[in-house]
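Student: Below is one structure. I have some questions about it.
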Amino acid sequence: MIPYFTTTDKDWGPIHWFGVLVVIGVFLGTWLARRRAKSLGYDDAKLESFIWWMLAAGFIGGHVLGDLIYFPKDVKREPWTLLYLWRGQSSFPGFLGALIGVLLWKWLRGKNQ
């Protein structure tokens, strides 16, 4: 089994470990994608557009879908909390949001690929 541990007592004020890991993942993933796309000769503008659609939808989905899936009673009581994107993120709903962003990008922006 994977050992379970928490890092909540080691947060730095408003900076949380989950957020630090997300930032590292975004920068590393973006850097690797750009490097690979350059070696394959892909269009830089299309790649940047793709990355922004995926990231924006992933972060929005991470909050909105996370609240809808994990806290539906709270959303029903106070639906405007879906707009409070800074109040939390969830991993798997974020991945689902990113997938939705990729599909929307393909449908709206990447038709000529």
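The values are calculated or read from the model by the stated rules, or taken from the named source; none is laboratory data. Because the structure is predicted, anything quoted here is derived from the model rather than measured. Neighbour counts run over all protein chains shown; Cβ positions are idealised from the backbone, glycine included. Please note that ligands, DNA and RNA were not included when accessible areas were found on the heavy atoms of the full protein model with its side chains. Shrake-Rupley method; radii C 1.70, N 1.55, O 1.52, S 1.80 Å.
Student: If you place +1 on the Cβ of every Lys and Arg and -1 on the Cβ of every Asp and Glu, how big does the dipole about the Cα centre of segment 56-113 come out, in debye to the nearest 20?
Tutor: Details: 7 positive and 3 negative charges, 42 e Å.
Dipole of segment 56-113, to the nearest 20 debye: 200 debye.
Student: May I pose another question? Would you work out which of V64, L40, W12 lies farthest towards the positive end of the dipole of segment 12-99, given +1 charges on the beta-carbon of Lys and Arg and -1 on that of Asp and Glu, about the Cα centre?
Tutor: L40
Student: Moving on. What's the local net charge at G29, with K and R +1, D and E -1, over the other residues with C-beta under 14 Å away? Show your work: numbers first, answer last.
Tutor: Numbers: positive: R34, R35, R36; negative: E48.
Net charge in that neighbourhood comes out at +2.
Student: Could you count how many Lys pairs in the chain have their Cα atoms under 25 Å apart, skipping same-chain pairs fewer than 8 positions apart?
Tutor: On the way: K38/K46; K38/K106; K38/K111; K46/K106; K46/K111.
Lysine pairs meeting both conditions in the chain amount to 5.
Student: Net charge near M54, counting Lys/Arg +1 and Asp/Glu -1 over other residues with Cβ under 14 Å of its Cβ? Intermediate values should be presented prior to the final figure.
Tutor: On the way: positive: R34, K46, K106, R109; negative: E48.
Taking every other residue near M54 into account, the sum is +3.
Student: So what is the accessible area of the chain per residue, in Å², with the probe set to 1.4 Å? Before the final figure, lay out each step's value.
Tutor: Details: 9070 Å² over 113 residues.
For the chain, the solvent-accessible area averages 80 Å² per residue.
Student: Which Cα, out of L55, W107, V22, lies furthest along the positive dipole direction of the chain (beta carbon charges, K/R +1, D/E -1)?
Tutor: W107
Student: Mind grabbing the accessible area of V26 for me, 1.4 Å probe, Å², rounded to tens?
Tutor: Its accessible surface works out to 40 Å², give or take rounding.
Student: Here's a follow-up. Which of the following values of log10 I(q)/I(0) by the Debye sum over Cα atoms at q = 0.13, 0.22 Å⁻¹ was calculated from the structure shown: (1) -0.47, -1.15; (2) -0.40, -1.25; (3) -0.64, -1.22?
Tutor: (3)
Student: Once you mark the chymotrypsin sites (Phe, Trp or Tyr not before Pro) that are in a DSSP loop and have at most 12 other Cβ atoms within 10 Å, what is the longest gap between them in the chain?
Tutor: 6-83
Student: Placing +1 at every Lys and Arg Cβ and -1 at every Asp and Glu Cβ, with all other atoms neutral, what dipole size does the chain have around its Cα centre, in debye to the nearest 20? Kindly include the intermediate steps, with their values, before the conclusion.
Tutor: Working: 13 positive and 8 negative charges, 85 e Å.
My answer is approximately 400 debye.
Student: Additional query: Work out from phi, with θ = phi - 60° and the Karplus expression 6.51 cos²θ - 1.76 cosθ + 1.60, the ³J(HN,Hα) of each residue of segment 66-78, listed in order in whole Hz, and give x for Gly and Pro.
Tutor: x, 5, 5, 7, 8, 9, x, 5, 5, 5, 5, 6, 9
Student: Residues with beta-carbon under 13 Å from that of L40, excluding L40: net charge, scoring Lys, Arg +1 and Asp, Glu -1?
Tutor: Working: positive: R34, R35, R36, K38, K46; negative: D43, D44.
That works out to +3.
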